[in-house]
Amino acid sequence: MTETRKKVLVVDDDEMLRSLAADILSDEFEVRTAKDGQDGWEQAQAWRPDLVVTDLMMPRMHGYELCGLLKGRDGIPGVKIIVSSSKTFTTDVAQAKAAGADDYLVKPYMP
């Protein structure tokens, strides 16, 4: 019997951080990456990940908007979202959670 691994989509415009997160997660999860919010939204619709780890400040679509789409009426049922950002003000965390984020991870972070 083949074990089905959970699917994680990493969305970040910084190629190095995107690759690092994917490398860390790929031992336990099936991982795909997206270079910005728009790419992340398109991939999420097609691939239906269990978890999305997203940056906030990105071109074409920011992470707040991506969270709203993922959790919205046409979003991905049951998807969990972790925002990963260097923005550390409590208002940033509150805004991310209001947009649909389940948790908030401050960059830089340890694997």
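The values are calculated or read from the model by the stated rules, or taken from the named source; none is laboratory data. Since this is a predicted model, take the numbers as computed values, not measurements. Every residue, glycine as well, gets a Cβ built from its backbone with ideal geometry; the counts of neighbours run over all protein chains shown. Surface accessibility is based on the protein's heavy atoms, side chains included, excluding ligands, DNA and RNA. Shrake-Rupley method; radii C 1.70, N 1.55, O 1.52, S 1.80 Å.
Values as computed for the structure displayed
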| quantity | calculated |
| --- | --- |
| Set of the stretch 68-100 residues, backbone N closer than 16 Å to the point 7 Å along the Cα-Cβ line of THR4 | 77-80 |
| Residue among VAL52, VAL93, VAL83 with the largest mean-square fluctuation in a Gaussian network model of the chain, springs linking Cα atoms under 10 Å | VAL93 |
| Solvent-accessible surface ranking, highest first, for MET57, MET16, MET110 at 1.4 angstrom | MET110, MET16, MET57 |
| For the stretch 32-48, 3J(HN,Hα) per residue [Karplus equation, 6.51 cos²θ - 1.76 cosθ + 1.60, θ = phi - 60°, Hz, x = Gly/Pro] | 10, 10, 9, 8, 6, x, 5, 4, x, 4, 5, 5, 4, 4, 7, 9, 6 |
| Accessible area of the stretch 1-103 divided out per residue, in Å², using a probe of 1.4 angstrom | 57 Å² |
| Average Cα contact separation per residue, the chain, under 8 Å, 6 or more apart, as relative contact order % | 23 percent |
| Under 5 Å, built H, 5+ apart or other chain: amide partners of THR54 | VAL11, ILE82, VAL83, SER84 |
| 3J(HN,Hα) from dihedral phi, the stretch 66-75, Karplus parametrisation 6.51/-1.76/1.60, rounded to Hz, x for glycine, proline | 4, 4, x, 5, 4, 9, x, 4, 9, x |
| Cubic angstrom per residue, convex hull over Cα atoms of the chain | 97 Å³ |
| Stretch gain in nm, segment ALA46-THR88, where the contour uses 0.36 nm per residue and the Cα spacing is subtracted | 11.9 nm |
| In nm, spacing of pseudo-spin labels at GLN38 and ARG60 (7 Å Cα→C-beta vector) | 0.6 nm |
| With all protein chains modelled, accessible area of LYS97 [1.4 Å, Å²] | 100 Å² |
